[in-house]
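Here's the structure we're looking at; comments come further down.
The values are calculated or read from the model by the stated rules, or taken from the named source; none is laboratory data. Predicted model, so just to flag it, every value in this text is computed and none were measured. We place every Cβ from the backbone using ideal geometry, glycine too, and count neighbours over all the protein chains shown. Side chains included, ligands, DNA and RNA excluded: accessible areas come from the protein's heavy atoms. Shrake-Rupley method; radii C 1.70, N 1.55, O 1.52, S 1.80 Å.
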Amino acid sequence: MKKLMIIGSVHTDLVQFVKELPKGNETPEILKIETRVKGCGFQIGRFFHEIGFPFTVICDPGESVYGEQAREEAKKYGIELSEGSEEIGGCTFTMIDRNGNEGVFCVDGSEYHFSLSQVYDINPDEYGAVALAAEMLVGDDVQDVIDLLNELELPLYLICSARTAELNGEVLEAVSAFEPVMIFNDTDAYSLCAGKTDRLEEAARLIQNMTQAPVMILMNDGDAFYMDDEDSWVAPSDQKADTEIWAAAFIAAHMAGVDAKNSMMFANENSRSYHGETMKQRLAGMILHR
């Protein structure tokens, strides 16, 4: 199996667990504080490490205290990141209330910057696909990302976030030319539609017409919805999943040769808690019975 190239952030997240998310200038009641490492690059790389599939994460976490913390934590999961950057790494601040609702504030740093110098020594023949976090397309170095995708000519999975709505029309058109598989949660899908609809199927169709790409939307109830230019379906689930981990599970199954519908079912089963050997056995069964 060829490697997955993952272009996405690896950064430190400073978390406050609070009784309720603040409204306006309210001061929240803090229940607990912790530090963790997050980011699309980290989440997908960690999943691929657990399942034992080859991958490379392209990210510069920077040389700040937060950057070094992210780099050291990533190493525990086989994620080797670039060294020697002079840029400062950023972080995120997250508040989580007792119901699991989150508020996130992002301080951008080097982890969201991409340069072709980060991939000068890669061998394109070693890679089978690219997983790209849409947040990497909102900065000044977006042309470097597009140039790399043009050079690689590989299948593309675009993991969308709240920042996808920040993409300008030219960037969205350029990325759509690579016919990516686009993965959203429902909130971010509606945001990209700019208030034109609050119905899931209409949102998926608007995005599909805009990009001519297959669209997957993770719904708030846990189900996953798929639409392309010929078909649509729902992969049922009873628990909501993290978008980035769900995307990692889907990509792993899809790259292993499982069709889209069963890859979605695999992602539903394995995106909340996952064990490498169990996942490999499940994939082997899917491949044998396809």
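Take region 1-156 with all the other protein chains still there, run a 1.4 Å probe, and you get 48 Å² of accessible area per residue. Contact order for the chain, expressed relative to its length and based on alpha carbon pairs under 8 Å spaced 6+ residues apart, stands at 15 percent.
Among LEU158, LEU31, LEU132, which one moves the most in a GNM of the chain with springs linking Cα atoms closer than 10 Å? Per the Cα network of the chain with a 10 Å cutoff, LEU31 tops the list. Computed 3J(HN,Hα) for region 218-234, one whole-Hz value per residue from the Karplus formula 6.51 cos²θ - 1.76 cosθ + 1.60 where θ = phi - 60°, is 8, 8, 5, 7, x, 5, 10, 10, 10, 8, 10, 6, 10, 8, 8, 6, 10, glycine and proline marked x.
Counting DSSP beta bridges in the chain, what percent are antiparallel, to the nearest 5? The antiparallel fraction comes to roughly 45 percent.
Quick check on region 50-195: of the DSSP beta bridges with both residues there, what percent are antiparallel, nearest 5%? Walk me through the numbers before you get to the answer.
On the way: 6 of 13 bridges.
Of all bridge pairs located within region 50-195, approximately 45 percent are antiparallel.
Region 58-107 and region 204-233 have their alpha-carbon centroids 30 Å apart. Rounded if a/c is under 1.5, else prolate if a/b beats b/c, else oblate: with a ≥ b ≥ c from the C-alpha gyration tensor eigenvalues square-rooted, which is region 207-290? Note, shape of region 207-290 comes out oblate.
Here region 172-243 has an Rg and Dmax of 11.6, 36 Å, counting Cα atoms alone.
Ranked from highest to lowest mean number of other Cβ atoms within 10 Å per residue, what is the order of the peptides 143-152, 16-25, 37-46, 69-78?
Values: 143-152: 16.2, 16-25: 12.0, 37-46: 26.1, 69-78: 17.9.
The packing order, highest mean first, is 37-46, 69-78, 143-152, 16-25.
Counting each DSSP H run of 4 or more residues in the chain as -39500 (n - 2.57), what helix-only mean residue ellipticity at 222 nm follows after dividing by all residues, to the nearest 500 deg cm²/dmol? Result for the chain: -10000 deg cm²/dmol, rounded to the nearest 500. Pairs over the 28 Å Cα-Cα cut-off, from the set LYS19/LYS75; LYS3/LYS196; LYS196/LYS240; LYS38/LYS196; LYS75/LYS280: LYS19/LYS75; LYS3/LYS196; LYS38/LYS196.
At a 1.4 Å probe radius, carbon and sulfur cover how many percent of the accessible area of region 223-290?
Working: 1540 of 3290 Å².
Solvent-exposed carbon and sulfur of region 223-290 make up 47 percent of the total.
DSSP beta bridges in region 1-133, what fraction antiparallel, as a percent rounded to 5?
Details: 14 of 29 bridges.
The answer is about 50 percent antiparallel.
Which one, GLU111, GLU50, GLU29, has the greatest fluctuation when you compute a Gaussian network model over the chain with C-alpha springs under 10 angstrom? The residue with the greatest mean-square fluctuation here is GLU29.
Please work out the average accessible area per residue across region 241-283, using the 1.4 Å probe convention, and give it in Å². Write down the numbers at each step before the final one.
On the way: 1600 Å² over 43 residues.
So region 241-283 comes to 37 Å² accessible per residue, rounded to a whole number.
Computed from backbone phi with θ = phi - 60° and the Karplus coefficients 6.51, -1.76 and 1.60, the 3J(HN,Hα) list for region 45-50 is x, 4, 5, 5, 5, 5 Hz; x is used for glycine and proline.
Between HIS275, HIS113, HIS49, the residue with the greatest mean-square fluctuation in the GNM of the chain (Cα pairs under 10 Å linked by springs) is HIS275. Of the accessible area of region 1-88, computed with a 1.4 Å probe over protein heavy atoms only, carbon and sulfur atoms account for 48 percent.
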